[in-house]
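Worksheet: one structure, shown below.
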Amino acid sequence: MFTGIITGMGRIAAVHDLGSSSLHGKRLDIEAPAGYLDDVGLGDSIALNGACMTVTSLDPAASRFTIDISAESLAKTAGLGEAGTALNLEKALRPQDRLGGHIVSGHVDGIGRVSRFESQGESWNLRILAPAALGRFMAYKGSVTVNGVSLTVNTVEDHAEGCEIGINLIPHTVEHTTLGLLKAGSQVNLEIDTVARYVERMLQAGTAVSGLPSLAP
């Protein structure tokens, strides 16, 4: 579990094939900021651009660690298969940590495409075209995770080709995450709000569900 508050920026230093076919995944060698891995152990979870991954080896002195990513995960995420790619990093949430963003699972629900990214006053206007299937989970002033960053949705517009959401980025977010590297056409990993996911499920099931125990005294 994560919060969508980025704790470091890293980079994919190297990509190694885990097999010879498209059914095989890859091993990623990740560079982290100095000291970032001091409290990390083997098997710990770290989100890479919003995708929860497991640390398979680490060298804290060199600020490097590796993760294995399956072919399925590579197919369902953006920007996790190429050396040199900048990454937003977040360690898994601990019980005593502040929940500064919102509850994030680290499971990417879809890939969006940046339709516009431009300065607007002191901030930046980011517009993303999300897959149509995710449109019903987007709401004005609701939460969405973009490449692992917890953000607030300011506008929602449904189109035939998908759902375009508008987000305002403050300078701190642009400077301390990889979102500042985005441009029109960039692909981004999207995770919908956990609460919206459960509301959608309840609406599909209906308000009266047979078989549930009564809550009446």
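Helical content of the chain, expressed as a calculated mean residue ellipticity at 222 nm, amounts to -3000 deg cm²/dmol (DSSP H runs of 4 or more residues, -39,500 (n - 2.57) each, divided by residue number, nearest 500). Ligands, DNA and RNA left out, the accessible area of the chain computed with a 1.4 Å probe is 53% carbon and sulfur. Count Lys and Arg as plus one, Asp and Glu as minus one, and take only other residues whose Cβ is under 15 Å from that of Ile69; the net charge is then -2. Angle of helix 194-205 to the longest C-alpha principal axis of the chain, folded into 0 to 90 degrees and rounded to 10: 40°.
Using a 10 angstrom cutoff on alpha carbons, build the Gaussian network for the chain and name the most mobile of Val146, Val174, Val104. Its mean-square fluctuation being the largest, the pick is Val174.
In percent, what relative contact order does the chain have, based on Cα pairs under 8 Å that are 6 or more apart in sequence?
Reported relative contact order: 22 percent.
Run through the stretch 1-106 and list the GluC sites (Glu not before Pro) located in a DSSP loop whose Cβ has at most 12 other Cβ atoms within 10 Å. Qualifying residues, ordered by number: Glu82.
Figure note: Arg127, Arg197 ranked by solvent-accessible area, largest first, 1.4 Å probe, ligands and nucleic acids not counted: Arg197, Arg127.
Tell me the per residue accessible area of the stretch 95-217 using a 1.4 Å probe; a whole number in Å² is fine. Don't skip to the end; give the middle numbers.
Values: 7240 Å² over 123 residues.
Accessible area per residue, the stretch 95-217: 59 Å².
Treating the beta-carbon of each Lys and Arg as +1 and of each Asp and Glu as -1, no other charges, what is the dipole magnitude of the chain about its Cα centre, to the nearest 20 debye?
On the way: 16 positive and 23 negative charges, 60 e Å.
Dipole magnitude for the chain comes out near 280 debye.
Taking Ser186, Ser22, Ser115 and ordering them by how much accessible surface each has at a 1.4 Å probe, largest first, produces Ser22, Ser115, Ser186.
Cβ under 9 Å from Phe117's Cβ, Phe117 left aside: what net charge do those residues give with Lys, Arg +1 and Asp, Glu -1? Each step should come with its number before you reach the end.
Numbers: positive: Arg116, Arg127, Lys183; negative: Glu118.
Within the 9 Å Cβ shell, the charges total +2.
Annotation for the stretch 23-57 versus the stretch 61-81: alpha-carbon center distance of 8 Å. The figure for His159 is an accessible area of roughly 80 square angstrom, using a 1.4 Å probe on the protein chains alone. Among Ser57, Ser105, Ser20, the largest mean-square fluctuation in a Gaussian network model of the chain (Cα springs under 10 Å) belongs to Ser20. Largest first, the residues Arg98, Arg11, Arg136 sort by 1.4 Å accessible area into Arg98, Arg136, Arg11. Since only Tyr198, Thr54, Leu87 are under comparison, the one whose Cα sits farthest along the positive direction of the charge dipole of the chain, derived from C-beta charges on Lys, Arg, Asp and Glu, is Tyr198. Taking a sphere under 13 Å around the Cβ of Val15 and counting the other residues whose Cβ falls inside, with K and R at +1 and D and E at -1, yields a net charge of -2.
Counting heavy atoms of the protein chains alone, Lys141 has an accessible area of about 120 Å² for a 1.4 Å probe.
The values are calculated or read from the model by the stated rules, or taken from the named source; none is laboratory data. What you are looking at is a predicted structure, and each value in this text was computed from that prediction instead of being measured. A quick note on method: Cβ atoms are made from the backbone with ideal geometry, for glycine too, and the neighbour counts reach across all protein chains shown. Each accessible area value is taken on the protein alone, full model and side chains, heavy atoms only, with ligands, DNA and RNA left out. Shrake-Rupley method; radii C 1.70, N 1.55, O 1.52, S 1.80 Å.
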